[in-house]
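Contents: one structure, followed by commentary.
The values are calculated or read from the model by the stated rules, or taken from the named source; none is laboratory data. Remember, predicted model here, so these are calculated numbers, not experimental data. Cβ placement follows ideal geometry from the backbone for every residue including glycine, while neighbour counts extend to all protein chains displayed. To get the accessible areas, we keep the full protein, side chains included, count just its heavy atoms, and leave off ligands, DNA and RNA. Shrake-Rupley method; radii C 1.70, N 1.55, O 1.52, S 1.80 Å.
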Amino acid sequence: MDKLPAPGISRVHIWLKRLVKVEPGEIRALLWSFSYFFSLLCAYYIVRPMRDEMGIAGGVEHLQWLFTGTFLAMLAAVPLFGWVTSRYPRKQFLPLTYLFFIANLLLFFGLFHTGHAEVWVARAFFIWTSVFNLFIVSVFWSFMADLFNDAQAKRLFGFIAAGGTAGALVGPALTATLAIPLGPTNLLLISAAGLGWAMLCIRRLIAWREGTVAKPTVSATDAGESRAIGKQRGLGGGALEGLRLIVRSPYLLGICLIILLYTTLSTFLYFQQAQIIRDNFNDPATRTTVFATMDFAVNALTLVGQVFLTSRIVRTAGLGWTLALIPLLLAGGFLLLGLTPLLAVLVAVQVGRRAGNYAIMKPAREMLFVVLSREEKYKAKNVIDTVIYRSGDVLSAWAYTGLQALGLGLSAIAFIAVPVACGWAWICYRLGKMQEARAISEEVSP
């Protein structure tokens, strides 16, 4: 006979405990967070294949200009976000962010239906989608770092990230299934509905946090800030406060550096992907199918990794080695790509890199922010996830173009990326150790 649950332990808790080390009082927050991230990435991955095809349709040789446009859009958006967070409480500025993007989706829905200035609308959509992706994910992880402390993050972030991966699996599936009968433009409405559900999740998570009166797991960093929850005030400071916080903190500057190295190597690989796929497939529909298939493979592997591996790797190897793992593997991938720059090798390296990043490195990287103040979690993190991220994109895009202008081919550029990946791994390891030291310091402080 099956044993009955112990008093106070639900069957849901027993089932979840097989996948993640969750405590009874955390179950609601865990499931709402899972659902929140699911809806966000489902909304994004519905439109991602459209963005990638528009990038190639506009000309691979012009990609660096689209990356530059994305960076400039980030420069305009970040001060606006900083202004909103300074003046409105979390309960208001989080839904406002998603309402803004819902309005954008409806605007593009109307523009695509008019059929006017298709080239410029397509370029604007590529840039907007890149901004949209970074902002919605950055705001999500800022909120998660604000809700959970270091110990909770190491137990729960892998499973929460799996919610996003599940959404990233459903999004391409919806696009592949509904794009022909409904038309790609009409899928923008489904994406907008996903953001609407995310707003409901935010309300439920804030209610959970405010309703949790006694929280012995709250860290010293958040102890002084928790009193502000009931007062519902903005974070204060100026629109560019995030930049000031970064400049004053070696720890945040280190995070900026790993983001820049990450985007550099990712952009190099993205350009090589565009070139190799362009050379192997002439039909736009076939290219879109290839991109969607790669997305599905990445997200399937990521889901398995997030549910079964992430928290175990962090507990076993520590945060430093967990962060360094994917850069070390990518160094080997670039070495292989340099030796054999073929489509099959490119697909294997790209799928492995993205799956490893989403399953292991991304949740681990978000743990770096848990030990920071609330202002750093929202303002500094948003600058890092948007402006710093996209500045790395645009700089590496032009660097790649420059290397090509010097006559370097795919293999030579791949070999150059190998030592860069090794340096990235070392910095990741050092930052992981710094985070663990900060977490210990918080635990022993009065």
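Prolate is the label for the stretch 250-343, because the ratio a/c of its alpha-carbon gyration tensor axes (a ≥ b ≥ c) is 1.5 or higher and a/b is greater than b/c. Please go through the residue pairs Lys154/Lys362; Lys91/Lys377; Lys91/Lys362 and name each one whose alpha carbons sit more than 18 Å apart in this structure. Flagged as over cut-off: Lys91/Lys362. The distance linking the stretch 101-152 with the stretch 242-292 is 17 Å (Cα centroid to Cα centroid, whole angstrom). Count Lys and Arg as plus one, Asp and Glu as minus one, and take only other residues whose Cβ is under 14 Å from that of Ala355; the net charge is then +2.
Run the accessible area of the stretch 338-408 with a 1.4 Å probe and give the carbon-and-sulfur part as a rounded percent.
Of all accessible area on the stretch 338-408, carbon and sulfur atoms account for 71 percent.
Could you work out the Rg to Rh ratio of the stretch 242-300, with Rh taken as the Kirkwood radius (inverse of the mean 1/r over all Cα pairs)? Rg divided by Rh gives 1.24. Evaluating 6.51 cos²θ - 1.76 cosθ + 1.60 at θ = phi - 60° for every residue in the stretch 426-435, the Karplus couplings come out as 5, 5, 4, 4, 5, 5, x, 5, 5, 5 Hz, glycine and proline recorded as x.
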